[in-house]
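Below you'll find the structure, written out as structure tokens, and then a few comments.
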Amino acid sequence: MAKPPIPLPQLIELYGPHLNYEPPGGWQDESIHPADKLVKTHCCFCGQQCGIQLKVRDDQVIGFEPWEDFPFNRGMLCPKGVKRYMQNNHTDRLLGPLLRTDNGFNATTWDEALDFTVKRIREIQEKYGKDSVAVYGGASLTTEKAYLVGKFARVALGTKHIDYNGRLCMVSAGTAYKLAFGVDRSPNPWEDIPKAEVVMITGSNTAECSPITTEYIWRMKDNGGKLIVVDPRMTPISRNNDLYLPVRPGMDVILYMSILNVILREGLHKQDFIDAHTIGFAEVAESVKQYTPEVAADVTGVPPAAIEKAALWLGNAGAAMILHARGVEHQSKGVENCSALINICLATGNFGREGAGCVMITGQGNGQGGREHGQKCDQLPGQRSIDDPDGRAHVASVWGIEPDEIPTAGYSAMEIMSALHSGEIKALVSICFNPVISLPHAEFTKEALEKAEFVCIIDPFMSETAHYADVVLAGSLQEEDEGVVANVEGRVLHIQKCVNPPKDARVDWTIFVDIAKRLGREKHFDYHSSREIFDELREASRGGHADYYGITYEKIDKQMGVFWPCPTLDHPGTPRLFENAKFFHKDGKARFMLTPYRESGDPVNNEFPIYLTTGRVVSQYLSGTQTRRIGALVDMYPEPRLEIHPRLAKQHGIADGDWVTVTTRRTSATFKAMVVKTIRPDTVFVPYHWPGKKSINQLTHRTIDPRSKIPEYKVSACRIAKTTDSSTEGGSQ
Ligand SMILES: Nc1nc2c(c(=O)[nH]1)N[C@H]1C(S)=C(S)[C@@H](COP(=O)(O)OP(=O)(O)OC[C@H]3O[C@@H](n4cnc5c(=O)[nH]c(N)nc54)[C@H](O)[C@@H]3O)O[C@H]1N2
Ligand SMILES: Nc1nc2c(c(=O)[nH]1)N[C@H]1C(S)=C(S)[C@@H](COP(=O)(O)OP(=O)(O)OC[C@H]3O[C@@H](n4cnc5c(=O)[nH]c(N)nc54)[C@H](O)[C@@H]3O)O[C@H]1N2
Ligand code: SF4
Ligand SMILES: [Mo]
């Protein structure tokens, strides 16, 4: 029977008065409330993983100091980093487990919540088989937790269906990099960026989403380098660019093939490098012949002269870098887009040297580390393929089981939600993931969760997805446990435990250990600290591409981070991959990949003539569960606005601040217009951090890239109309 969502419970009624520490003079007022200690750790939000010192008093985070010695951000922080300390004591923190009843959620004991969870898992698995229970993990978790979630699914539950929210994020890049190089990591340390003569940034709102990277770009410009920006919107990074290519959403691959066309036409490719270090050039060279700048201009909306200029700059540079993010990856041809960028860098010999490379700007806090050690449906620790017999044997020996006991590859995140919707999967255990807001076509997600026979959510906050749960387990925040993460560069960092979780909330990994014990698998989950999990992970990753064996907490502290692979204890780590153009495929060579154009899964036509694209703003983070609770951030950008060009606005009689109804093939929603000259006149943009009627994911579609399985958030087709009725706007659920 379908179970409807329960509205937000009154947490005060459930838990009684909160433990909050809110000094009258403000948390930052040192004279009134001096800190007990300053802890050097990292920001919990994006993949930049800025170093920060958190101020702690009475087991509460009360403020911060910059950490100027940490080399990546040298004390700099963005608005989210500055305010992140406010989440630790927030009145909305879940302070213990909750159970669904006929009258809403009731507070309960951990024993009761965990016993019930295990009872339901057992009943469902006995009735429908092991694979009827799926697990969702997340890339805000430390690597220890991410590793444990993968092991928990396969060893404690015995299910093959385990995947994570990074599936909505960098997987197109990951797939393309594995195909080209045999490994999934940005090849360059960020210190390479200022050394490039030309940098092309595409599909990245760098200044708002990877703010510290902006400073590396300015340094490149100060050194005399040139900046090319490709985006349907002129975001803040393009205010100082030397060349701007206003690509039409979803047409990237043609633009990049055209750039390669000009490079080859002008003979700017490096034939010696291509012959010595790559495979597949001839087919790719042939495939780009048809995309002259004139042909490409018609489709992409980028003038031929701009394509020529970009190609000449990239082709003539002694060292060039391409940086890309979700703008190219969130497409049903996200893999092709990334491969086309890699092809440009391979053809121009831009790998394995300072200031030369193609790099993805990983988004989530532990987006890199979270995708290396087995919470992906097709992967085992060390970035091993789950199909690789040697890898399975190695991991099984570390886990103390037979290789055959490790399930085969299961469904990806989107496919798990589809299988919940169709009834093939009956139950979901989800940590650190808020699919009701973050998956496309929200109505479908809600239907799927209502159909599920059992949903268990582990989160520090009552996320919108937790409203659909049978059990909500109060988990921990990043500052409440020790562990490691890997930043955008592949630099492994040490997260310090600053405080304990409040009241009866628990450190995440202990929850999995307790469930595993109740399932009779205690032998395989006998951990007493994060360090013990890390030590096992080091062994499990040993010999894989993402080899962590030589990394220790102490070494990270001493070196301010260790870049993987790091195979032995005396190995210093590997900041730049592919030195001397040696790639990770067995023959050491990189692969050119063919990148044929395909139509978007939601094409524009007469009925839906406008492109809708979605993304972020600087003050909010992802589904907003954390940042929508921090008033100072909410004030910066309180609600989603629809960015629209004055020309398109005029055609529809829309002025700045008017209500606009946007309709896609799914449904309609209403947003306030923000008329700006910085967006293509055939495209509108809405950020996605809000729930309910403010959620743009009501309108997006579920087409996925066939190889990476990423949704096409960046390309939908819509029509718009001015409305005076804002009744479809607002509301929370
Ligand atoms: N403030 C803030 N920072 C964040 C996050 C956050 O939520 N808030 N999240 C983090 C995470 S998980 C991620 S993944 C990153 C995301 O970081 P980004 O990828 O930089 O951010 P997005 O806003 O998703 O999209 C990037 C750009 O793609 C452009 N774009 C849209 N369609 C197309 C297209 O068809 N082609 C091209 N070339 N570009 C297109 C958009 O206009 C946008 O400027 O940010 C991380 N940092
Ligand atoms: N339309 C549109 N949709 C998008 C995107 C887009 O550009 N456009 N971007 C996509 C991208 S790139 C991403 S990464 C996804 C992100 O989408 P989600 O992963 O769903 O978003 P988060 O807000 O990270 O949700 C994570 C949940 O984990 C909880 N959490 C945070 N830290 C911890 C922890 O340490 N322990 C536990 N137990 N819980 C924790 C938070 O409270 C939150 O409820 O959204 C995707 N959705
Ligand atoms: S959100 Fe990202 S850029 Fe901002 S302070 Fe945190 S880690 Fe740094
Ligand atoms: Mo992301």
Treating every alpha carbon of region 137-240 as one equal point scatterer without solvent, the Debye formula yields log10 I(q)/I(0) values at q = 0.10 Å⁻¹ of -0.43
I want to check the label-to-label distance for Q271 and T723. Put each point 7 Å from Cα in the C-beta direction and report it in nm to one decimal. 6.1
For region 403-510, what relative contact order do you get, as a whole percent, if you take Cα pairs closer than 8 Å and at least 6 residues apart? 19
Just need the relative contact order of region 290-433 here, percent rounded to a whole number, with Cα pairs under 8 Å and 6+ apart. 13
List the residues, sorted by chain then number, that are 5 or more residues from A139 or on another chain and whose placed amide H is less than 5 Å from its amide H. N165, G166
Computed on Cα atoms, Rg of region 465-617 relative to 2.2 N^0.38 Å comes out at 1.48
The chain, relative contact order in percent, only Cα pairs under 8 angstrom and at least six apart counted: 18
Here the alpha-carbon Rg of region 500-571 over 2.2 N^0.38 Å rounds to 1.35
On the first, second and third principal axes, largest extent first, how far apart are the outermost C-alpha atoms of region 651-728 in Å? 42, 27, 21
Under a crude label model (7 Å from the Cα following the beta-carbon direction), how far is R629 from K127 in nanometres? 3.3
Please list the three semi-axes, largest first and in whole Å, of the ellipsoid equivalent to region 171-360, using sqrt of 5 times the eigenvalues of its alpha carbon gyration tensor. 21, 19, 17
Return the subset of K83/K376; K289/K333; K178/K517; K309/K586; K145/K376 for which the Cα-Cα distance in this structure is over 25 Å, preserving the input order. K83/K376; K178/K517; K309/K586
Tally the DSSP beta bridges in the chain and give the antiparallel ones as a percent, rounded to 5. 50
Take region 104-190, drop everything but the C-alpha atoms, weight them equally and run the Debye formula without solvent; then report log10 I(q)/I(0) at 0.11, 0.20 Å⁻¹ to two decimals. -0.47, -1.08
Taking only DSSP H segments of four or more residues, each worth -39500 (n - 2.57), what value at 222 nm results for the chain once the sum is divided by all its residues, to the nearest 500 deg cm²/dmol? -8000 deg cm²/dmol
Does a label point 7 Å from the Cα of D92, set along Cα-to-beta-carbon, have any residues of region 680-699 with amide nitrogen under 15 Å, and which are they? 689-695
Counting other beta carbons within 10 Å of each residue's own, what order do E266, E372, E554 fall into, fewest first? E554, E266, E372
Roughly how compact is region 600-706, stated as its Cα Rg over 2.2 N^0.38 Å to two decimals? 1.09
Neighbour-count ranking [beta-carbon atoms within 10 angstrom, fewest first] of D58, D404: D404, D58
Give me the Å³ per residue figure for the convex hull around the C-alpha atoms of the chain. 150
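Readers should treat all values here as calculations from the given coordinates under stated rules, not as data from a laboratory. Computed from a predicted structure; not experimentally measured. Glycine also receives a Cβ, built like all others from the backbone with ideal geometry; neighbour counts cover every protein chain displayed.
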